[in-house]
Structures are given as structure tokens and as C-alpha cells.
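Worksheet: the structure to be examined is printed underneath.
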Amino acid sequence: MTEQTLILVKPDGVARGLIGEVLSRVERKGLTIAALKMETVSEELAGAHYAEHEGKAFYPSLIEFITSGPVVAAVLEGPRAIAAFRQLAGGTDPVEKALPGSIRADFALETQFNLVHGSDSPESAKREIALWFPEFAQ
Ligand code: CMP
């Protein structure tokens with residue numbers, strides 16, 4: 001079944017010149033880039049996007065980080081797109097969870113600075129696509 005997912009190349013990925021690397025892996029996997037843009041994230045969008053983490057110890061620094069520079073946001077489409085991108089990304093902790101060969105394992109060292117985000121469920125994907133691409137939401 002074709003799915004949509006929302007992905008981000010976070011400020012660390014943009015600053016390190018990894019936009020092409022991430023999008024190349026997405027395309028080589030066979031996922032379709034259905035929408036794509038670069039923007040600097042407002043406090044409001046950052047808070048809405050990461051609402052589920054509000055109250056956690058890392059939340060303030062996560063908001064500071066995600067608003068610190070431009071991000072690339074994209075809607076990907078394809079069969080099992082949500083799980084497919086999460087496989088490409090690797091686990092949240094780039095050293096202890098991400099499998100070798102994943103984006104995070106190959107290029108990141110710290111959990112906060114883990115380069116990319118991908119929706120974790122169909123419900124998150126719907127919510128996040130509506131936040132980032134209101135014109136694109138179904
Ligand atoms: P992401 O997949 O975007 O979802 C939430 C983000 O919070 C996560 O990637 C990391 O960037 C960050 N994060 C999650 N857990 C921690 C943690 N323990 N310490 C610091 N940052 C974290």
C-alpha cells in the first residue's frame with residue numbers, strides 16, 4: 001500500500017552538506033519525493049512538531065537546535081514509506097541503535113544531532129504533513 005511520510009534533514013545535516021546524500025539514498029531506495037522545501041523553523045512550528053517531547057529533559061535544547069538554521073522538509077511516497085525511511089535513517093541513537101549502513105550510523109555521533117527525522121506512524125505522518133505542507137495534506 002502506498003504511504004506518505006514526512007522527513008527532515010535537520011540543521012546539522014544541512015550545515016554538514018548532507019542534503020544530497022540523504023535525498024540520494026531516498027531516491028536510490030525507490031521512494032518518490034512528492035514535496036520538498038528548505039526553511040528556517042519558527043518556534044511555533046518546532047513546538048508543534050515536537051509536542052510529544054514537551055517536558056522531557058532534552059526538549060529545550062531540541063527546540064533550540066531545530067530552530068538554529070535551515071532544514072529541508074520533504075514528503076516521501078511509496079510502499080511502506082514510513083518504515084522504509086526509518087530503515088534508511090537508522091535508530092535515534094546513531095552509535096548504539098542505528099545499524100551500520102544507515103544515515104545516522106554512517107554520519108552521526110550524538111542522539112540530538114542525528115541528522116534526519118522521519119514520521120514514526122501513519123498518524124504522525126498525517127499530522128506532520130499537515131504541519132509542514134498544509135497545502136499538500138489530504
Ligand atoms: P527525532 O527522530 O527528530 O525525534 C525527536 C528528536 O529528539 C530525536 O530525533 C533527537 O534529535 C532528539 N532526542 C531524542 N532523544 C534524545 C536524547 N535522549 N537526548 C537528546 N536528544 C534526543
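Each value in this text was obtained by applying a stated rule to the coordinates, not by laboratory testing. Quick caveat, the model's predicted, so the values are computed rather than measured. Cβ placement follows ideal geometry from the backbone for every residue including glycine, while neighbour counts extend to all protein chains displayed.
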14 Å reach of a label modelled at HIS53, 7 Å along Cα-to-Cβ, counting backbone N of the stretch 95-110: 110
Within a Gaussian network of the chain (alpha carbon springs, distance under 10 Å), most fluctuating of ALA57, ALA46, ALA34: ALA57
Rg/Rg_globular for the stretch 48-112, with Rg_globular taken as 2.2 N^0.38 Å and Rg from C-alpha atoms: 1.24
Computed helical MRE - 222 nm, the chain, DSSP H runs ≥ 4 contributing -39500 (n - 2.57), nearest 500: -11000 deg cm²/dmol
Neighbourhood net charge (15 Å Cβ-Cβ; Lys/Arg +1, Asp/Glu -1) for THR40: -3
Cut-off under 5 Å, modelled amide H: who pairs with VAL71 long-range: GLU39, THR40, VAL41
Dipole magnitude of the stretch 2-132, debye to nearest 20 (Cβ charges: Lys/Arg +1, Asp/Glu -1, about Cα centre): 420 debye
Relative contact order (%) - criterion: Cα under 8 Å, at least six apart; region: the stretch 87-129: 30 percent
Cβ crowding within 10 Å averaged over residues, with 20-26, 59-65 ranked highest first: 20-26, 59-65
Relative contact order of the stretch 46-138, defined on C-alpha pairs under 8 angstrom at six or more residues apart (%): 21 percent
Per-pair calculated FRET efficiency, R0 = 30 Å: GLU135 and LYS97 via Cβ, rounded to 0.05: 0.30
Residues whose placed amide H lies under 5 Å from that of ARG80, excluding near-sequence neighbours: GLU3
Per-selection Kirkwood Rh - the stretch 2-132 (Cα, Å, 1 d.p.): 14.6 Å
